[in-house]
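For reference, the structure is listed below as structure tokens.
The values are calculated or read from the model by the stated rules, or taken from the named source; none is laboratory data. Model, not experiment: these values are computed from the prediction. FYI the Cβ positions are ideal-geometry reconstructions off the backbone, even for glycines, and counts take in every protein chain you see. Protein only, heavy atoms only, side chains kept; ligands, DNA and RNA dropped before computing areas. Shrake-Rupley method; radii C 1.70, N 1.55, O 1.52, S 1.80 Å.
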Amino acid sequence: MPELLHVKTIIIFMAIGNTLAAILVLLAVHKRTLHYDFLFMISLAVQGAGLSLIFLRGIIPYTLSFSVGNSLYLGGMVAEGVCLLSLATTVTKRWRLAFTIIFFAQLLVCWAPTLKDTFRICVGSILLGCCFGIPAIFLIFFAARPSILQKFLGTTLAFCSFFTIVRGSFFYFISDYNLITPNFLQIVSLLTQALAMFVAITGYILTHWEFLYKDLELLASTDPLTGVPNRRTFFDNAKQELNRSVRHNHCLAFMMIDVDHFKNINDNYGHHNGDNALKALTSRSKNILRSTDFFGRLGGEEFGIIMPEISKEQAVIVAERLRCEIAEMEVNTDQNSFQITVSIGVTMQTATDKSLEEIMQRADSALYTAKKSGRNKIVIV
């Protein structure tokens with residue numbers, strides 16, 4: 001029968017597709033382990049094996065084709081659902097328990113000898129829909145690192161989940177129906193599952209590459225010790241703010257902060273505690289500054305601050321508050337604690353400034369004067 005050939009053709013292509021995808025995932029991540037990659041690869045391989053057994057129905061024993069085949073296929077889908085959920089959120093113990101319950105419920109349906117095929121397919125379809133539906137909801141609404149790609153993936157999986165559940169519920173009322181019964185709705189159902197397979201595999205891989213790109217972008221723009229923008233990112237943003245202030249005729253303040261006697265701190269308390277001092281300075285400064293201010297590490301113990309739309313008097317007040325609160329701050333060590341002070345150079349953008357370098361030179365000169373005149377001071381030029 002042509003329809004039967006069509007159904008089995010879709011099934012075998014799904015089996016081959018899952019197997020090849022498992023190999024591709026293995027080749028893509030064999031030198032770079034990401035969360036759930038191994039489980040995702042195994043889930044695809046298991047689904048491929050299960051679909052192959054389902055394809056051989058009528059050639060191999062019924063138990064091997066239906067019970068074992070469907071157990072492998074649905075079990076693989078449960079594992080894949082866990083992996084897809086991991087793209088959106090942390091898979092907690094509760095979620096692992098929920099998917100474990102779905103898995104054992106599917107095993108019960110596949111191996112219960114007294115159940116009709118229509119009932120098995122109905123329950124199996126609902127459970128399969130849950131494997132798609134749970135990650136779909138999180139990808140659309142609750143993703144920890146949301147993106148358009150994740151929303152598209154979640155929307156497609158939600159559609160596949162809905163159709164799978166509706167299909168299973170519909171076929172419950174049809175007698176003498178099984179997985180390879182030839183009809184139009186069955187073919188559409190299998191094509192929907194094939195679509196879900198393709199979107200899930202492609203979406204999983206692309207989302208991980210998206211995460212990797214964002215992580216690399218963050219590493220390239222962030223100081224690894226303090227977590228604030230690094231020198232390159234700071235000056236990129238400073239140039240943008242400078243251009244914006246010129247365009248809108250707004251005031252702009254530029255500050256340079258340097259930790260006094262930082263070498264002595266490293267020598268007396270160790271580099272680890274010197275790092276802790278820089279972290280504490282960063283945390284305290286960020287609590288003082290406005291959300292519109294831009295704070296970054298320029299290198300070593302030197303930091304910079306860009307303050308748009310602020311007057312000279314207000315900038316001096318902020319600088320003084322920074323100096324005082326940092327001086328009062330305690331940096332704890334294993335045995336005791338110590339305090340640090342900072343020198344701050346402040347300058348304002350002027351109408352004659354042609355570049356960021358001119359502003360930075362004035363701030364650096366003010367900082368040099370503050371350190372030469374006794375440190376723990378503010379100098380504005």
Report summary line: Expressed in angstrom and rounded, the centroid-to-centroid distance over alpha carbons for the stretch 67-129 and the stretch 220-267 is 52 Å
**Report entry** Accessible area of Arg145 in the full protein assembly, 1.4 Å probe (Å², nearest 10)
**Finding:** 90 Å²
Report task. Kindly report, to the nearest 10 Å², the accessible surface of His248 as traced by a 1.4 Å probe over protein heavy atoms only. Result -> 100 Å²
Query raised in the report: Taking the simple approach of a point 7 Å from Cα along Cα-to-Cβ for both Lys214 and Ala351, what is their distance in nm?
Result: 4.6 nm
Query raised in the report: On the accessible surface of the stretch 111-157, probed at 1.4 Å, how many percent belong to carbon and sulfur atoms?
Result: 79 percent
Query raised in the report: For Ile306, what accessible area in Å² do you get when you roll a 1.4 Å probe over the heavy atoms of the protein chains, rounding to the nearest 10?
Result: 0 Å²
Report summary line: Carbon and sulfur atoms account, in whole percent of the 1.4 Å probe accessible area of the stretch 234-381, for 45 percent
Query raised in the report: Accessible area per residue, 1.4 Å probe, Å², for the chain: what's the number?
Result: 51 Å²
Query raised in the report: If the cut-off is 19 Å between C-alpha atoms, which aspartates and glutamates fall inside it for Lys214, apart from same-chain ones fewer than 8 positions away?
Result: Asp37, Asp223, Asp236
Query raised in the report: Calculated from the structure, Rg/Rh (Cα atoms, Kirkwood Rh) equals which of (i) 1.23; (ii) 1.05; (iii) 0.99?
Result: (i)
Requested in this report: Please list, or write none, the lysines whose alpha carbon is within less than 27 Å of the alpha carbon of Lys372, excluding same-chain residues fewer than 8 places away.
Outcome: Lys263, Lys279, Lys286, Lys312
Report summary line: Interchain or sequence-distant (5+) residues whose placed amide H lies within less than 5 Å of the amide H of Val228 are Asp223
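Of all the stretches in the chain, which is the longest one without any exposed loop site, taking chymotrypsin sites (Phe, Trp or Tyr not before Pro) in a DSSP loop (any state but H, G, I, E, B) with at most 15 other Cβ atoms within 10 Å?
It works out to 174-381.
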Report summary line: Longest principal axis of the chain (C-alpha) makes with the long axis of helix 2-29 (C-alpha) an angle, in degrees to the nearest 10, of 30 degrees
Report summary line: Helix 312-328 sits off the longest principal axis of the Cα atoms of the chain, rounded to the nearest 10 on a 0 to 90 degree scale, by 80 degrees
Requested in this report: Report the trypsin sites (Lys or Arg not before Pro) located in the stretch 252-346 that are in a DSSP loop and have at most 15 other Cβ atoms inside 10 Å of their Cβ, or state none.
Outcome: Arg290
Requested in this report: In whole Hz, with x marking every Gly and Pro, tabulate ³J(HN,Hα) for the stretch 245-255 from phi via Karplus 6.51 cos²θ - 1.76 cosθ + 1.60, θ = phi - 60°.
Outcome: 5, 5, 5, 9, 6, 9, 6, 8, 10, 10, 10
Report task. Mind pulling the angle between the C-alpha long axis of helix 184-221 and the longest principal axis of the chain? Nearest 10 degrees, somewhere in 0 to 90. Result -> 20 degrees
Report summary line: So Ser291 and Leu39, fully extended at 0.36 nm per residue minus their Cα-Cα distance, gain in nm 86.6 nm
Query - 15 Å Cα-Cα reach of Lys354 towards aspartates and glutamates, excluding residues that sit fewer than 8 places from it in its own chain - result: Glu241
